[in-house]
Every structure is written in C-alpha cells, then in structure tokens.
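Asks: Have a look at the structure that comes next, please.
The values are calculated or read from the model by the stated rules, or taken from the named source; none is laboratory data. This one's a predicted model, so the numbers in the text were calculated from it and none came from an experiment. Quick reminder, even Gly has a Cβ in these numbers, built from the backbone with ideal geometry, and neighbours come from all protein chains shown. Quick note on the areas: whole protein, heavy atoms, side chains included, nothing else; ligands and nucleic acids left out. Shrake-Rupley method; radii C 1.70, N 1.55, O 1.52, S 1.80 Å.
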Amino acid sequence: MRAVSFVGYLFAGLVGLVLISCIPSIFISDSSGYFSAVAALTGQILDPSRWVYDQGYGRVYPLFDYLAPAMTYSMTILIGALLTGFIGGLLFAVASCLLPNKVVFPFKRLGYLFESIPDVILAFGIQLFIVFFYKQFGLLLFRFSSAGQEEIYVLPILILAILPFVTFYRFVLSMLEEEQQKDYVLLAKSKGVGREAILFRHVLPNILPSAFLHTKVITWATLSALPAIEYLMNLYGITSILKEMLQPVQSVVFFLILAAFFVPFYFIYSIAEMIFGEKSQNSSAPAWKAAPLVGSRGKGSRIFYSGASHKQKIYRNKKFMAGFVLVALLFIGSCIYTLVADPIIQVDQYQYDDAGNMVQKAPFGPGEDYWLGTDRLGRHLDDLLIAGAKFTIGFALLVAALRIGCGFMLAIPYVLLMPARVRKFLDQLADGLHYVPQSLLAIMLLMPIIAPGSLMSFPEKIIWQIVILLLLVLPLTTILLGKEIQQSLSSSYVTSGVVLGASRLQLLRKHVWPQIKIRCYILFGQQTLQVIVLFIHLGVFQLYFGGTVAGEEGFSASPATSEWSSQISFLRYMLMTGQGFYTVSILLAYLLLIGCIQLMVDGLKEVELRRLGLNLPKKEKNPETYLAEAAAGLTASSDAFRFHDKTIELK
C-alpha cells in the first residue's frame with residue numbers, strides 16, 4: 001500500500017508540474033491557449049525524441065545535452081551546501097549542549113542575527129569583503145566569481161550553507177533542550193548516568209529522525225536561494241541559461257528544470273517519511289465532529305473559556321511596538337513625502353563643468369549635491385529610498401495579508417467540512433511544493449508578465465503579480481492554519497462546548513480564534529519577511545514589482561516604480577566595475593526594515609509565550625504555573641514556541 005501511495009503521489013506531483021509549466025502560455029498573445037499547451041506538453045513529454053531546445057533560426061539542440069552540465073553543477077553546489085549546513089549545524093548543536101550557557105548564549109544570538117539577514121545580502125557582503133581583503137593585503141581568500149563555463153565550488157557552497165547551518169543549529173539545539181526536560185532523562189541522571197552518555201545514547205537517537213524530517217522546509221528555503229546566488233556569482237549553473245531559455249517560452253524546459261529539483265528530493269523525503277514517520281493510528285472521531293455546522297444560541301449554550309491568566313496586550317510589548325512604530329513612521333513618511341515633494345525623485349544623469357561640457361555620467365558618489373549618491377539612471381538615492389518605502393512596505397504587507405487571510409478562510413472549510421482522507425491527499429500534494437524552488441517558480445511565472453517587452457498595462461502587471469505571489473504558498477498556508485485549527489479543536493474545553501450544544505462555527509469563533517490569533521499574527525510577520533526576500537531575489541533578475549518601462553540612454557528597461565528591489569540588479573555591476581557602491585544604502589535600508597519586522601515577530605512570540613504561562617518572571621508565576629510546566633515538561637525559553645505542524649512553518 002505504501003508503494004502504491006509513493007508512486008501515486010509522485011505521479012500527481014509530476015502532473016502538477018505539467019500544469020504549472022503551461023501557465024506562462026496564458027500571458028502570451030500568440031498562444032493557442034492553456035489547455036492546448038497542456039496537451040502539447042504532455043505529448044512532448046511522452047515522446048523523448050522531441051526533447052529538444054529550439055533557439056530559433058534552425059538551431060535545435062538535444063535538451064539533455066544543453067541542460068545536463070549546468071544542472072549537474074547546480075545540484076553539486078546545492079547538495080554540498082545542504083550537507084555542509086546540516087552536518088555543521090548538528091555538530092555545533094551537540095557541542096553547545098556540552099558547553100556552559102554563558103558560552104552558548106552569544107552563539108545563539110549570532111545565529112539569530114544571521115538567520116534574519118537575506119541570503120543575497122550575505123553573499124554580496126562576503127564578496128565585498130573578499131575584494132576589500134585582496135586590495136588591502138594582495139591575498140585572494142576565495143574565488144568569488146566565475147567566467148564563462150569555469151566552475152568554482154568552495155565559496156558558493158559556503159555561502160549557500162549559511163542558511164541551513166544556522167537554521168538547523170537553532171532547531172536541533174531547541175529540540176535537544178526540550179528533550180532533556182523529559183522524564184527518562186531525569187531518571188537517567190538520578191541513576192548517575194553521565195551527561196555525555198545520556199546525550200549520545202538516548203537524546204540524540206530520539207531526536208535525529210524527527211530533526212531530519214523537519215529539514216524539509218530548510219531545504220525549500222535553500223532551493224529558493226540558489227538561483228539568486230548563482231546569478232550574483234556568475235556561476236554556470238541552471239540560472240545562467242534560464243533567462244536565455246525563457247525567450248521564447250518553452251514549457252518543456254520549465255517542466256524538466258522543475259522536475260530535476262522535485263524528483264530527487266521527493267524520493268529522499270518520502271523514503272525517510274516511510275522509515276521514520278509516525279504511523280497513523282485509527283482513532284475515534286473527535287468530539288467536535290458531532291457538533292452541527294451552525295446552530296441557534298439557546299439559553300445556557302454560551303461557554304466561557306478560562307484561558308491563561310498571564311495575558312499581555314500586544315501594544316504593551318516593547319519589542320513589537322518598537323518595530324511597529326519604525327515601520328509605520330517609514331511608511332507614513334514615504335506617503336507624505338510623495339504628496340509634497342516636487343519632483344518626487346530628482347534625476348541628474350550628467351555632470352557639467354563651468355563651460356557647459358559634460359564631464360561625468362551617473363552613477364555619482366555621495367557628496368553635497370547627492371547625499372547618498374545616485375544610481376546608474378541618475379536618480380538620487382535619498383529620494384529613491386524615501387519614495388520607494390511605501391511600495392516595498394505596502395506591497396509586502398498586502399501580499400502577506402492576502403496569503404494569511406485567504407489561507408484562513410480556506411482552512412475553515414478544509415477542516416470543518418472536508419473528509420479526513422481528502423485532507424490527507426491534499427496535504428501530500430501541497431507538501432510537494434517544498435521540493436520546488438519558490439524563487440525559480442516565481443521567475444518562470446512572472447517573466448511573461450513583468451519582463452521588458454510585456455504588453456500588459458501597469459495595473460494588470462500589479463494585479464497578476466499579486467495573484468501569483470499569493471498562489472505560490474497559498475496551499476501551504478492553508479494547510480498550516482488548518483492544522484492549527486484542528487489542534488485547537490482537539491482541546492478538552494472544545495469537547496465540553498460540544499456537550500453543552502455549541503455549533504462548529506461557535507466553537508471556531510469563541511474558542512479556536514482566541515487561541516490561534518497570535519499565531520496568525522506571527523505567521524503574517526513571517527510571510528511579510530518572506531515576500532520582502534522574494535522581492536530581493538526577483539530584483540536580482542531585473543523583475544521589478546510593477547514591471548518595467550522603456551529604457552533611456554542605452555538602458556534596455558527601467559523600473560516602473562521606485563520600489564527598493566529596483567536597485568538590487570546593480571549588485572553584480574557594482575562588484576564587477578568597482579562603481580556604484582551607493583546601492584549599499586538600499587541594502588542597509590532592507591536590513592533596517594527586516595530587523596523591524598523581525599522585532600515585531602519576536603514581540604508577538606513573547607506575547608504568545610506569556611499567554612501559555614511560559615517565559616514569565618518568577619514574581620509573576622504562581623504555584624499552578626510551576627506545576628503546569630513540570631507536568632508538561634516545557635522549557636521556558638524563547639525557542640519553546642513552535643507551530644503544531646513544524647514542517648510547514650515558513651521563515
């Protein structure tokens with residue numbers, strides 16, 4: 001039965017990739033239609049002799065010969081980075097368990113800092129440091145860029161391994177600390193078993209299977225970072241030929257690239273799930289299933305739930321308010337500046353001498369006339385930062401709100417009305433999205449819409465871009481929120497409500513929502529961060545929010561808005577020419593914005609921990625809180641908070 005399910009879900013995943021690969025045909029004017037494209041792609045897949053890449057003008061190449069070298073190089077870097085990150089994170093987590101807390105604490109904070117910095121900014125900062133070190137001391141630490149089909153491995157693997165290393169380190173360390181609070185560890189200590197023996201003989205074997213299964217979301221994030229890192233370092237991987245192969249659009253190219261990532265990781269994690277995963281047990285239907293969907297509120301049917309006594313208003317949390325105030329001031333200030341400034345963004349493409357002769361062309365460095373300098377189009381970066389903040393913040397919040405709002409609205413019928421077998425099937429299908437790079441998928445789907453040459457109007461580009469960015473993770477957010485609702489419905493107080501005659505919608509409104517609303521806010525903050533990072537990845541490939549307009553003075557296209565990612569595409573130009581260091585101000589602005597949102601997320605987590613009675617000062621704890629912590633075996637730390645479905649928790 002497991003083998004049949006394994007093959008069936010693999011087939012369903014490949015069918016999904018076929019459907020996704022044909023989506024760009026919707027936006028092509030001379031296309032015969034979406035369903036015709038699906039039929040044509042299916043026929044081409046079933047006939048390997050038609051697996052060719054047509055460059056036009058009679059130049060046709062076998063597709064595997066064209067893709068194989070680049071794909072092999074990309075997978076080598078990816079696998080090397082994942083192994084380096086996971087093994088290094090595991091070793092550091094084990095070492096941290098054996099060291100005093102005073103020694104481990106700085107490493108935790110450093111890991112938190114690195115986890116908050118986008119991978120593109122980290123990669124660019126490391127490249128700049130290597131260049132600076134070489135100029136100062138004449139020693140090239142690593143080769144930071146390749147030329148042509150030259151292959152470099154060390155630095156790309158190390159840069160790409162930062163994310164899995166830091167994330168896996170913090171995750172495993174949290175699991176180790178939580179596992180060491182369990183009864184069997186206390187029993188072993190009482191018998192005189194040493195700390196090292198407990199760790200290596202009992203704790204590690206217990207957490208490793210679960211830890212490995214939870215690497216899925218880390219692998220997904222690393223997959224999404226791969227295209228941007230390759231492009232920034234000029235690597236001859238799959239990204240180097242991606243833009244060339246997107247024009248003209250060929251669905252078979254999309255399918256084979258996505259399948260090359262999907263199939264191997266599906267095999268790895270599906271087999272691991274069969275070996276290490278928990279076996280489903282037949283249990284009786286939960287009590288809330290017996291409740292009607294809607295019902296009248298009769299006398300005495302209103303149930304009061306006495307939650308945790310340690311409640312803290314969100315606006316009283318200092319971390320949340322500090323981040324919120326800074327983001328709000330930046331957004332409101334940008335809107336006011338746009339209304340009062342004239343012109344909104346000053347442009348100076350040339351500098352002239354006293355005789356009126358042109359002496360220099362943009363970009364210009366910081367000075368009296370340009371506080372932060374200009375970009376290559378001559379736009380003043382101080383104006384660009386202020387005016388573009390409303391687009392970056394506003395669009396990120398809008399997309400994140402749609403992801404959470406639509407996900408929650410879909411999660412309600414998903415849990416309350418859908419049969420368990422259907423939910424399990426949809427869970428498996430949505431889980432396949434973890435094996436496809438989100439950024440690569442976004443590039444493929446958005447290229448026909450917002451790339452230079454698109455015939456769509458500006459509002460159409462905005463609407464379609466929002467829709468695609470929403471749909472990229474909507475299945476995952478729906479399932480995640482559905483499992484949060486399902487977990488809350490399994491509580492004992494919900495059972496009491498059913499006995500007293502409450503309907504499912506009443507349970508959802510009165511009991512479930514108060515329990516999960518802070519988690520929804522946390523997920524909203526995490527989604528906002530993810531959207532901002534995705535904007536950065538798209539900016540590397542010159543896919544700007546709102547698209548492009550006709551270029552000037554030798555530039556093929558210019559950004560249609562002043563959104564901050566419009567400067568990200570200059571990063572490689574800065575590194576190769578030694579000019580344009582002024583885009584560093586954009587990177588610092590991104591770091592400030594991301595830091596503020598991360599501060600808000602941390603504040604929300606503290607509020608949720610206090611609601612659960614965890615991480616409280618001793619003076620606020622009562623005997624009931626101590627007994628509850630001891631009975632549950634909970635660790636009162638900031639890492640104790642997790643979503644119930646940890647494999648779908650989004651960064």
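Asks: For Thr392, all conditions in the list (1) under 21 Å from Phe535 (Cα atoms); (2) modelled with pLDDT under 85 hold save one; what is the number of the exception?
Replies: Against the list (1) under 21 Å from Phe535 (Cα atoms); (2) modelled with pLDDT under 85, Thr392 comes up short only on (2).
Asks: Please note which helices (runs of 4 or more DSSP H) are completely contained in region 138-243 and include at least 2 residues that are at negative phi and in contact with a Pro (Cβ under 7 Å, 6 or more places away or on another chain).
Replies: 216-232
Asks: I've got another one for you. Would you mind stating whether Ile207 is at pLDDT 90 or above and either out of contact with any Asp or Glu (no Cβ under 9 Å at 6 or more places or on another chain) or open to solvent by less than 20 Å² (accessible area, probe 1.4 Å) (or both)?
Replies: Against the criterion (at pLDDT 90 or above and either out of contact with any Asp or Glu (no Cβ under 9 Å at 6 or more places or on another chain) or open to solvent by less than 20 Å² (accessible area, probe 1.4 Å) (or both)), Ile207 does not qualify.
Table: residues versus (1) in contact with a Leu (Cβ under 8 Å, 6 or more places away or on another chain); (2) surrounded by 22 or more Cβ atoms within 10 Å (Cβ to Cβ); (3) of a type in the set (Ser, Thr, Tyr).
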| residue | (1), (2), (3) |
| --- | --- |
| Leu480 | yes, yes, no |
| Gln486 | no, no, no |
| Thr495 | no, no, yes |
| Leu505 | yes, no, no |
| Val512 | yes, yes, no |
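Asks: Next question. Among the residues of region 330-349, write down those that are open to solvent by 40 Å² or more (accessible area, probe 1.4 Å), in a helix (DSSP H, G or I) and either charged (D, E, K, R) or over 16 Å from Ala396 (Cα atoms) (or both).
Replies: Correct list: Ile336, Tyr337, Leu339, Val340.
Asks: Still on this model: Based on this model, can you work out whether Ile87 counts as open to solvent by 20 Å² or more (accessible area, probe 1.4 Å), free of Cβ contacts under 8 Å to residues at least 40 places away in the same chain, part of a helix (DSSP H, G or I) and closer than 20 Å to Glu196 by Cβ?
Replies: Answer is yes for this residue.
Asks: Touching a residue at least 24 places away in the same chain (Cβ under 8 Å) and crowded, with 23+ Cβ neighbours inside 10 Å: which single residue out of Thr528, Thr548 fits that description?
Replies: Checking each option against the conditions leaves just Thr528.
Yes/no per residue for (1) closer than 17 Å to Cys520 by Cα; (2) touching a His at 6+ places or on another chain (Cβ under 7 Å); (3) touching a residue at least 24 places away in the same chain (Cβ under 8 Å):
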| residue | (1), (2), (3) |
| --- | --- |
| Gly373 | no, no, yes |
| His380 | no, no, yes |
| Leu384 | no, no, yes |
| Leu397 | yes, no, yes |
| Gly405 | yes, no, no |
| Met409 | yes, no, no |
| Tyr414 | yes, no, yes |
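Asks: Does Val473 satisfy being at pLDDT 85 or above and of a type in the set (A, V, I, L, M)?
Replies: Against the criterion (at pLDDT 85 or above and of a type in the set (A, V, I, L, M)), Val473 qualifies.
Asks: Also: Would you point out the residue of region 95-126, among those that are within 16 Å of the chain's Cα centre (by Cα) and not in a helix (DSSP H, G or I), that is surrounded by the fewest Cβ atoms within 10 Å (Cβ to Cβ)?
Replies: Ile117
Residue-wise test of (1) open to solvent by 50 Å² or more (accessible area, probe 1.4 Å); (2) not acidic (Asp, Glu).
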site	(1), (2)
Asp353	yes, no
Gln360	yes, yes
Trp371	yes, yes
Gly388	no, yes
Met409	yes, yes
Leu417	yes, yes
Gly432	no, yes
Val436	no, yes
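Asks: Would you point out which residue out of Ser36, Ser25 is open to solvent by less than 40 Å² (accessible area, probe 1.4 Å), polar (S, T, N, Q), farther than 17 Å from Phe64 by Cβ and assigned to a helix (DSSP H, G or I)?
Replies: From the options Ser36, Ser25, the qualifying one is Ser25.
Asks: Looking only at region 468-506, how many residues end up being closer than 20 Å to Pro419 by Cβ, over 34 Å from the mean Cα position of the chain (by Cα) and not in a helix (DSSP H, G or I)?
Replies: Residues that pass the stated criteria total 1.
Asks: Can you tell me which residues in region 250-265 are surrounded by fewer than 21 Cβ atoms within 10 Å (Cβ to Cβ) and under 15 Å from Leu78 (Cα atoms)?
Replies: Hits for region 250-265 are Ala260, Val263, Pro264, Phe265.
Rundown of residues vs (1) at pLDDT below 85; (2) open to solvent by 10 Å² or more (accessible area, probe 1.4 Å); (3) in a helix (DSSP H, G or I), yes/no style:
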| position | (1), (2), (3) |
| --- | --- |
| Gln515 | yes, yes, yes |
| Ile518 | no, yes, yes |
| Ile522 | no, no, yes |
| Gln542 | yes, yes, no |
| Leu588 | no, yes, yes |
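Asks: For Ile268, state whether it is part of a helix (DSSP H, G or I), at pLDDT 85 or above, open to solvent by 50 Å² or more (accessible area, probe 1.4 Å) and not aromatic (Phe, Trp, Tyr).
Replies: Yes; evaluated as a whole, the condition is true for this residue.
Asks: Among the small types (Gly, Ala, Ser) and either without any contact (Cβ under 8 Å) to a residue 60 or more places away in the chain or over 19 Å from His537 (Cα atoms) (or both): does that describe Ala451?
Replies: Taking the combined requirement at face value, the residue does not satisfy it.
Asks: Which condition number in (1) closer than 30 Å to Thr374 by Cα; (2) small (Gly, Ala, Ser); (3) modelled with pLDDT of 80 or more is the one that Ser503 fails?
Replies: Every listed condition holds for Ser503 apart from (1).
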